[in-house]
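Scroll down for the structure; my scribbles are underneath it.
The values are calculated or read from the model by the stated rules, or taken from the named source; none is laboratory data. Please read all numbers here as calculations on a predicted model, not as lab measurements. Virtual Cβ from ideal backbone geometry, glycine too; neighbours counted across all protein chains shown. SASA here: full protein model, heavy atoms, side chains in, ligands and nucleic acids out. Shrake-Rupley method; radii C 1.70, N 1.55, O 1.52, S 1.80 Å.
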Amino acid sequence: MVRVEDHPILGKLGEGKIVTIFINGRELKAREGEPIAAALLAAGIRVFRHTRRRHEPRGLFCGIGQCRDCVMKVDGVPNVRTCVTPVRDGMRVETQD
Ligand code: FES
């Protein structure tokens, strides 16, 4: 899987050390500093949230923090834009409905 090396918002990402994050309670290895969305896509996870009214799946769309399709709950905080939020060791990410 190709990883993001130069993000338009976060800048050059480099290799980053491998850390552990938790996606809906499931352990996942990711690169520190890469966008959460990139780690999810690399793991084959495409659905980040569901729309309120029709419960339709949403995931990465713009990738630069503008559309909010990628929002998830991160460490208990809802509506975090995962495409512009860097991975930190131990963070807990949850699908948002
Ligand atoms: S994908 Fe558009 S804000 Fe994250």
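I'd like to verify a number: residues in the range 1-12 that are among the aliphatic types (A, V, I, L, M) and closer than 18 Å to Cys62 by Cβ, how many? Even if it seems obvious, please write down each step before you answer.
Applying the first criterion (among the aliphatic types (A, V, I, L, M)) to the range 1-12 yields 1-2, 4, 9-10.
Narrowing further to those that are closer than 18 Å to Cys62 by Cβ: 4, 9-10.
Of the residues in that region, 3 qualify.
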Inset, instruction - Any residue in the range 50-61 that's over 16 Å from Arg81 (Cβ atoms): show its pairings with residues that are β-branched (Val, Ile, Thr) and open to solvent by less than 80 Å² (accessible area, probe 1.4 Å) at Cβ separation under 6 Å, as long as the two are six or more apart or on different chains. - result: Pro57/Val47
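Yes or no, residue by residue, for (1) closer than 19 Å to Arg3 by Cβ; (2) in contact with a His (Cβ under 6 Å, 6 or more places away or on another chain); (3) of a type outside the set (Gly, Ala, Ser):
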| site | (1), (2), (3) |
| --- | --- |
| Lys29 | yes, no, yes |
| Glu34 | yes, no, yes |
| Gly44 | yes, no, no |
| Glu56 | no, no, yes |
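Looking for whichever is hydroxyl-bearing (Ser, Thr, Tyr), exposed (fewer than 15 other Cβ atoms within 10 Å of the Cβ) and under 14 Å from the mean Cα position of the chain (by Cα) here; the options are Thr82, Thr20. Which one fits?
Thr20
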Inset, instruction - Could you check Arg3 against (1) away from the ligand (no atom under 16 Å from the Cβ); (2) part of a loop (DSSP other than H, G, I, E, B); (3) of a type in the set (D, E, K, R); (4) modelled with pLDDT of 95 or more and say which number it fails? - result: (4)
Legend entry - Within the range 58-77, tally of residues that are farther than 23 Å from Val4 by Cα and within 14 Å of the ligand (Cβ to nearest atom): 0
Legend entry - Given (1) closer than 17 Å to Ile9 by Cβ; (2) within 12 Å of the ligand (Cβ to nearest atom); (3) surrounded by 14 or more Cβ atoms within 10 Å (Cβ to Cβ), number of the condition Arg49 does not satisfy: (1)
